[in-house]
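Worksheet: the structure to be examined is printed underneath.
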Amino acid sequence: MLNAAIWPTLDYSRVPYRLYHDPEAYQREQERIFRGPTWSFLGLEAEVPNPGDFRTTYVGDTPVIVNRDTDGAIHALVNRCAHRGAMVRREMSGNAGEHTCIYHQWCYGLDGKLNSIPFRRGIRGQGGLDPGFDMAAHGLRKLRVASVDGALFGTLVDDVEPLEDYLGAPVLAQLRRLFERPVTILGYNRQRIRANWKLYAENTRDNYHASLLHEFLVTFGLDRSTQVGGVKMDARHRHNITWAEAESDTAELAQEAYGAARVRSNYLSLKEPELVRFRRERADPLNIAITSVFPSAVFVQISNSLAVRQIRPRGVDEVEIFQTMLGYADDPPELTLHRLRQANLVGPAGLVSMEDGEAIEIAHRASKPDRDSTTVIELGGAGVISDRDYRVTDVPLRGFWSYYAELLGIEPAGAVR
Ligand SMILES: [Fe+2]
């Protein structure tokens, strides 16, 4: 049973394993989170620059078309034919003047309007649709769309708070930092992981694991808990920014800190040191800025690699991470090369991301048989959920669960927020 009594503590420091495995939880997430009052990342304006350009994506399980209309306006449409519920657009991207379902060729405009239906009047006066059939009432359902400097978000709920309020000032500032100049798409990758989607949403909020699981990061000083850094959340603690400053620790300090943690940091060297070199390109000193937006978007700067990740649940036991690698339109070719080099850190075979996939798969697999047992989340202390200016913490995971509980209607009385 999914109710407030499943939480052993009021600070979400204990999460029952059943929440990763119960089909009932998955269904309720789809209804109350993805089809509920949240904003989901859809894609970038830069991906549909010309009239007729479209991309297909998902909001939870709901397939969505994002396209640019002939007048330049961007629409997001539920990718499902009004007739029999078939997916209208099956391609990932393209350019078209209309969207036609292959099943019975019902045809929709770029604004989602139902434009034509084959054999609408039947043949020789027989069959077809009743003359009173209302074409205007059977278009593709439209999502509400909003943009932060070209990053597109959509929602299936009409009376949701404005996107900027939903994100809150710190997250908004991070998105404006990432999208401060026009971006260009360097490529895409997809990572299919046999684990519940929330394990991934936790992973990107989990500062603590990064320098322990990812030996590569520690060895070459890309991400160490000895750096100046921390976690910053929105007022409701549903989103999180994990940040760290470049060159804010020393190899000696790291050696000392990681010696006891059995992380080997001194037995490898790189033949191509450029792979890990951070080129400062902004006024601020951040070399790590990972912004997780509830429920399913992650905006990532790791050194000079820039990306947006979309967490796509695929049932209770599987998730797809769809990642768009970014550069800036005015990057010199050498910098583009450098970003592509550092793209090797992420993606399905990435020097870093490959390990995240394995880590959440083993968490998923081993937690499955024992659904009443719980995780233990209290690095940085249990109790109050708040920003930290240090790195050994997993507090933002409790923020995620707090908002999750509220949306699912399973928030216990007296719980922290
Ligand atoms: Fe990781």
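Tabulated data for the structure shown
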| item | result |
| --- | --- |
| Magnitude of the charge dipole, region 170-408, Cβ model with Lys/Arg +1 and Asp/Glu -1, debye to 20 | 520 debye |
| Packing-based order for 194-205, 406-417, using average beta carbon neighbours within 10 Å, highest first | 194-205, 406-417 |
| Dipole of the chain [Lys/Arg +1, Asp/Glu -1 at C-beta], most positive-end residue of 123, 310, 7 | 123 |
| Taking N as its residue count, the alpha carbon Rg of the chain over 2.2 N^0.38 Å | 1.06 |
| Free-standing Cys, the chain [no other Cys Cβ under 4.7 Å] | 107 |
| Amide H within-cut-off set for residue 42, under 5 Å, with H built and near neighbours excluded | 152, 153, 154 |
| Furthest towards positive pole of dipole, 85, 103, 148, structure part region 48-173, Cβ charges | 103 |
| On Cα atoms only, tilt of 169-178 relative to the major axis of the chain in degrees | 90 degrees |
| Potential lengthening between residue 362 and residue 190 on full extension [0.36 nm per residue; Cα-Cα distance subtracted] | 60.0 nm |
| The chain, helix-only ellipticity at 222 nm - DSSP H runs n ≥ 4, -39,500 (n - 2.57), divided by all residues, nearest 500 | -6000 deg cm²/dmol |
| Derived scalar couplings ³J(HN,Hα) [region 329-335; Karplus, 6.51 cos²θ - 1.76 cosθ + 1.60; whole Hz; x for Gly, Pro] | 4, 9, 4, x, x, 5, 6 |
| Fully extended contour minus Cα-Cα distance, from residue 142 to residue 318, at 0.36 nm per residue | 60.6 nm |
| Label-point separation, residue 159 to residue 277 (7 Å along Cα→Cβ), nm | 5.7 nm |
| Rounded to 10°, Cα long-axis angle of helix 353-367 versus longest principal axis of the chain | 80 degrees |
| Gain on full stretching of the segment that runs from residue 113 to residue 336 - 0.36 nm per residue minus C-alpha separation | 76.3 nm |
| Relative contact order (%) - criterion: Cα under 8 Å, at least six apart; region: the chain | 22 percent |
| Relative contact order (percent, whole number), region 170-408, Cα cutoff 8 Å, 6+ residue spacing | 31 percent |
| Within straight-line cross-link reach of residue 368, lysines at Cα separation under 23 Å, skipping those fewer than 8 residues along the same chain | 198 |
| Lys, Arg +1 and Asp, Glu -1 on Cβ, resulting dipole of region 40-146 about Cα centre, debye, nearest 20 | 420 debye |
| Relative contact order, percent, region 279-384 [alpha-carbon distance under 8 Å, six or more residues apart] | 13 percent |
| Burial order of peptide ranges 334-345, 39-50 (average beta-carbon count within 10 Å, highest first) | 39-50, 334-345 |
| Label zone at residue 104 (point 7 Å along Cα-to-Cβ), backbone N below 20 Å, region 73-95 | 78-90 |
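No lab work stands behind these numbers, since they all come straight from the coordinates. Please read these numbers as outputs of a predicted model, since none were measured by experiment. Please note: Cβ atoms are built from the backbone with ideal geometry, for glycine as well, and neighbour counts cover all protein chains shown.
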